Amino acid sequence: MIAADLLSPGLGLIVYQAIGFLVLLFILGKFAWKPILGALKEREDSIESALLSAEQAKNEMQALQADNEKLLAEARVERDSILKEAIATANSIKEGAKEETSKITAKMIEEAKAAIEIEKKAALADVKNQVAMLSLEITEKLLRKQLADQKAQKELIDGFVKDLNLN
């Protein structure tokens, strides 16, 4: 029986334990449950707001990423157009330089031809002058030799006078 008394408690003990449990529940309900539930509610709200913030941040990141991709695409298009424009400008400058070089070359060739022609004319004039001087010197020497005597000089002067009267 002693073993049976240990297994089944008395009615008074059960009532005291029930009253103590109810008092404990009342005290916990009055002082502990509200702060614990409030803290849990606050924690739940903060977790929910953190999840919402994370979702908003994710959406904003996706929007920013889309904007970045759009800006990159626009930048690529602008870069391509700038490169095309630069290539066109460079080709235009090259063609202009070629044309200018051709004009300058043609002008230099014309100037060189003109200078050569002037030098050629000057050289021909110099040669003519030298030939004339040589001719005069030769003629003078021939005339001196032929007109060495008085009689030949008189005949030459008479011939000149006759030619002058006829003209």
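In this structure, is Ile138 farther than 30 Å from Leu156 by Cα, assigned to a helix (DSSP H, G or I) and aliphatic (A, V, I, L, M)? Explain how you work it out, then say what you get.
Values: farther than 30 Å from Leu156 by Cα: no; assigned to a helix (DSSP H, G or I): yes; aliphatic (A, V, I, L, M): yes.
Spelling it out, it is not the case that Ile138 is farther than 30 Å from Leu156 by Cα, assigned to a helix (DSSP H, G or I) and aliphatic (A, V, I, L, M).
Only one of these is open to solvent by 100 Å² or more (accessible area, probe 1.4 Å) and of a type in the set (A, V, I, L, M, F, W, C): Ile109, Ile93. Name it. Outline the logic, then answer.
Details: Ile109 fails: open to solvent by 100 Å² or more (accessible area, probe 1.4 Å).
Ile93 is the lone residue from the list that is open to solvent by 100 Å² or more (accessible area, probe 1.4 Å) and of a type in the set (A, V, I, L, M, F, W, C).
Given (1) of a type in the set (Val, Ile, Thr); (2) open to solvent by less than 100 Å² (accessible area, probe 1.4 Å); (3) more than 30 Å from Gln153 (Cβ to Cβ), identify the lone condition not met by Ile116.
Status for Ile116: all satisfied but (2).
Here is a yes/no grid of residues against (1) within 28 Å of the chain's Cα centre (by Cα); (2) open to solvent by 90 Å² or more (accessible area, probe 1.4 Å); (3) of a type in the set (D, E, K, R); (4) modelled with pLDDT of 95 or more:
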| site | (1), (2), (3), (4) |
| --- | --- |
| Arg43 | no, yes, yes, no |
| Ala50 | no, no, no, no |
| Ala57 | no, no, no, no |
| Leu64 | no, yes, no, no |
| Leu71 | yes, yes, no, no |
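Please give the number of the condition Pro9 fails out of (1) surrounded by 10 or more Cβ atoms within 10 Å (Cβ to Cβ); (2) assigned to a helix (DSSP H, G or I).
Against the list (1) surrounded by 10 or more Cβ atoms within 10 Å (Cβ to Cβ); (2) assigned to a helix (DSSP H, G or I), Pro9 comes up short only on (2).
Quick one: would you say Val23 is of a type in the set (Val, Ile, Thr), assigned to a helix (DSSP H, G or I) and open to solvent by less than 90 Å² (accessible area, probe 1.4 Å)? Break it down stepwise before answering.
Details: of a type in the set (Val, Ile, Thr): yes; assigned to a helix (DSSP H, G or I): yes; open to solvent by less than 90 Å² (accessible area, probe 1.4 Å): yes.
Yes: the conditions hold for Val23.
The values are calculated or read from the model by the stated rules, or taken from the named source; none is laboratory data. Computed from a predicted structure; not experimentally measured. Cβ atoms come from the backbone with ideal geometry, glycine included; neighbour counts cover every protein chain shown. When the accessible area is computed, the model is the full protein with side chains, heavy atoms only, and any ligands, DNA or RNA have been set aside. Shrake-Rupley method; radii C 1.70, N 1.55, O 1.52, S 1.80 Å.
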